[in-house]
């Protein structure tokens, strides 16, 4: 998921039975990996909400043929 302008990207990461989130801002991985509340707070501080997020291509496979 990410913002339409590409500034924020959020990836869901499974750790055992737990779901965590890896957060990127301007392509840089932030040192936050945790619960949805953390993601919501970070987005809100920059003027975004979870509703602003859209599906984006996985950067690891984008452009793969």
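The length gained by stretching the chain between residue 46 and residue 7 to full extension, at 0.36 nm per residue less their Cα-Cα distance, is 13.0 nm. Where a ≥ b ≥ c are the square roots of the eigenvalues of the C-alpha gyration tensor, would you call the chain rounded, which needs a/c under 1.5, or, failing that, prolate if a/b is larger than b/c, or oblate? Because a/c hits 1.5 or more and a/b fails to exceed b/c, the chain counts as oblate. The sum of -39500 (n - 2.57) across all DSSP H runs of n ≥ 4, divided by the residue count of the chain, sets its helix-only mean residue ellipticity at 222 nm to -4500 deg cm²/dmol.
Full extension of the chain segment joining residue 55 with residue 18 gains 11.2 nm, where the gain is 0.36 nm per residue of separation less the Cα-Cα distance.
Only the coordinates and a few stated rules stand behind these numbers; no lab work does. Remember, it's a predicted structure, so these values are computed and weren't measured experimentally.
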